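Just so you know, all these numbers are worked out from the coordinates, no wet-lab data involved. Note that the coordinates shown come from a computational prediction; the quantities given were computed from them, not determined experimentally. Because the Cβ atoms are built from the backbone with ideal geometry, glycine has one as well, and the counts that use them run over all protein chains shown.
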Amino acid sequence: MSLVIRLARAGTKKRPVYHVVVADSRAPRDGRFIERLGYFNPLLPKEKTERLKIDLDKVQVWMKKGAQPSDRVMRFLDAAGIMKRPKRNNPEKAVPRKERKAKDEEATKAKEAGDAAAKTAATAKAADKAAADKAAEKPAEAPAAS
């Protein structure tokens, strides 16, 4: 059973409040959980202390048992100083979609052209080999016929 420390949504429509819970990774987001560790209210300003409350001792106990935090919970733990969040690198994120699509199309065209050139080279090589084999056979046949 793999455990995850993640957010479960609560609150009303367009007024979210999240519970920080430990749950089985197969359980639905707002479904069954094992223990509630805290809450997060994204509607409050960042400087308010009531915005996020997590029982850090319980989090550490669950992490020792093998629970893995989700990306958002890992951000909270990094801010609290419990866990270091690894830096992510996606150099294509800043490139607009149209440019990425054009680049991908150019790459596929270049690959197709390379495949076609390799195919024609292979057929030419096969034809040369067949011609060489045919030329090698003719002199052998001529003395046998005499």
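Tally up the residues in the stretch 51-69 that are farther than 25 Å from Pro16 by Cα and touching a strand residue (DSSP E or B) at 6+ places or on another chain (Cβ under 8 Å), please. Outline the logic, then answer.
Keep residues of the stretch 51-69 that are farther than 25 Å from Pro16 by Cα, which gives 57, 60-66.
From the residues that got through so far, the ones that are touching a strand residue (DSSP E or B) at 6+ places or on another chain (Cβ under 8 Å) too are 62-63, 65-66.
Total meeting the criteria: 4.
Counting only residues that are assigned to a loop (DSSP other than H, G, I, E, B) and over 13 Å from Gly38 (Cβ atoms), which one in the stretch 51-84 is nearest to the chain's Cα centre (by Cα)?
Ser70
If Pro42 satisfies all but one of (1) in a loop (DSSP other than H, G, I, E, B); (2) exposed (fewer than 15 other Cβ atoms within 10 Å of the Cβ); (3) free of Cβ contacts under 8 Å to residues at least 24 places away in the same chain, what's the number of the condition it fails?
(3)
Output the residue which, of all residues in the stretch 1-39 that are hydroxyl-bearing (Ser, Thr, Tyr) and in a loop (DSSP other than H, G, I, E, B), is nearest to Ala67 (Cα to Cα).
The extreme case among them is Ser2.
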